[in-house]
Amino acid sequence: MQAFSQGMRVAGYTLGGASKELVDCGLVEAATLEELVAKLAAPRAILLYIPAGSGVDEVIEQLAGVLDPGDVIVDGGNSYWGDSIRRAERLGKRRLYFVDAGTSGGVDGARHGACFMVGGEQAAIERVEPILRGLAIPGGYVHAGPPGAGHFTKLVHNGIEFGMLQAIGEGVALLQAYPEQLPVADVLRCWRHGSVIRSWLVDLMEEGYRAHGGLADVPSHVDDTGEVNWLVGDALRLEVPVPVIAQATMQLLVSRDQRMPWARAIAIMRHGFGGHPFGPAPAIAHKRHVSRVGHP
């Protein structure tokens with residue numbers, strides 16, 4: 001949506017067909033990848049937003065067969081950074097550029113401006129930076145380094161997110177455990193104004209707490225696509241201690257076996273920023289098991 005508000009001409013392809021909303025906004029829909037490439041002027045910039053895993057390699061291979069030298073493929077999904085380095089090297093041999101663009105902001109970011117952490121060669125970045133800056137919220141863009149750096153910094157971002165979610169969730173559980181009943185939603189609202197922990201996540205926590213009338217009716221089961229598991233493994237290999245991130249990741253596993261207040265609180269925030277479903281999500285669990293293709 002942000003692309004259309006910026007006056008960008010966008011051509012797109014998706015297996016299930018574009019939504020009426022996107023077409024009405026001005027999307028030039030293509031029926032095949034070949035048709036998509038034909039609708040774009042060279043040198044082209046192709047942005048991929050598909051689940052991490054072997055599917056990314058399959059689409060890249062299909063695109064590589066119809067693109068021209070100098071075209072750029074941007075992976076905006078949550079791919080593993082080691083896979084991104086490998087993909088950049090493979091495409092470079094075919095005189096194609098690859099940019100890994102870690103993307104944050106959820107549904108709200110798609111509509112009003114996202115946050116991009118990108119990795120890639122300077123020549124590739126120069127081609128796509130004006131587009132990504134146009135799609136980003138002011139200040140929400142950084143060229144983090146060479147291929148792989150974008151997805152690595154996004155992975156670290158996701159690890160920090162896990163730690164913050166866990167801390168806020170545990171805080172809400174403590175508020176509910178006070179011997180006298182506290183106006184939890186009002187406390188959360190107070191924290192949003194001037195406190196050192198004010199944040200979008202606290203905003204979402206208060207909004208969701210009010211919308212659900214507390215935590216009692218929110219399933220505690222929290223599914224995730226597994227990216228932060230990679231980060232914990234990377235931290236061990238890099239010999240960097242990450243006890244908060246590692247423990248937050250472990251607590252997600254705990255949430256799948258017990259109905260804990262902090263897990264319900266995290267579920268509310270995750271639903272708020274990313275539309276993540278409440279309760280078990282088989283499709284997301286499947287992604288967690290198949291999304292990492294390579295190794296560092």
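Okay, here's what the table says:
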item: GLY214 vs. criteria part of a loop (DSSP other than H, G, I, E, B) and either at pLDDT 95 or above or among the basic types (Lys, Arg) (or both); result: yes
item: All positions within region 151-204 that are basic (Lys, Arg) and at positive phi; result: none
item: Subset of region 246-257 [at pLDDT 90 or above and open to solvent by less than 20 Å² (accessible area, probe 1.4 Å)]; result: ALA248, THR249
item: Residues (within 27 Å of VAL232 (Cα to Cα), at pLDDT 95 or above and open to solvent by 30 Å² or more (accessible area, probe 1.4 Å)) located in region 59-89; result: TRP81, ILE85, ARG86, GLU89
item: Residue list for region 90-107, restricted to those being open to solvent by 60 Å² or more (accessible area, probe 1.4 Å) and acidic (Asp, Glu); result: none
item: Pairs with Cβ under 7 Å, 6+ apart, first in region 220-245 and among the small types (Gly, Ala, Ser), second part of a helix (DSSP H, G or I) and open to solvent by less than 20 Å² (accessible area, probe 1.4 Å); result: SER220/SER255; SER220/ALA263; SER220/ALA267
item: Helices (runs of 4 or more DSSP H) fully within region 5-76 counting 3 or more residues that are in contact (Cβ under 8 Å) with a residue 24 or more places away in the chain; result: 33-38, 54-64
item: Considering residues of region 108-123 that are among the aliphatic types (A, V, I, L, M) and surrounded by 15 or more Cβ atoms within 10 Å (Cβ to Cβ) only, the residue nearest to GLY92 (Cα to Cα); result: VAL118
item: Residue within region 32-40 that is surrounded by fewer than 19 Cβ atoms within 10 Å (Cβ to Cβ), in contact with a Phe, Trp or Tyr (Cβ under 9 Å, 6 or more places away or on another chain) and closer than 21 Å to LEU231 by Cβ present; result: no
item: Residue list for region 217-245, filter: in a loop (DSSP other than H, G, I, E, B), modelled with pLDDT of 95 or more and open to solvent by 70 Å² or more (accessible area, probe 1.4 Å); result: GLU239, VAL240, PRO241
item: Residue check, SER54 among the small types (Gly, Ala, Ser), closer than 18 Å to VAL99 by Cα and open to solvent by 40 Å² or more (accessible area, probe 1.4 Å); result: yes
item: Scan of region 179-213 for residues that are closer than 27 Å to ALA285 by Cβ, more than 22 Å from the chain's Cα centre (by Cα) and not aromatic (Phe, Trp, Tyr), ordered by number; result: ALA211, HIS212
item: In region 133-171, residue farthest from VAL74 (Cα to Cα) [restricted to those that are without any contact (Cβ under 8 Å) to a residue 60 or more places away in the chain and among the β-branched types (Val, Ile, Thr)]; result: ILE137
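The values are calculated or read from the model by the stated rules, or taken from the named source; none is laboratory data. Note that this is a predicted model, so its numbers are computed, not measured. Backbone-built Cβ (ideal geometry, glycine too); neighbour counts: all protein chains shown. Accessible surface areas use protein heavy atoms only, side chains included; no ligands, DNA or RNA. Shrake-Rupley method; radii C 1.70, N 1.55, O 1.52, S 1.80 Å.
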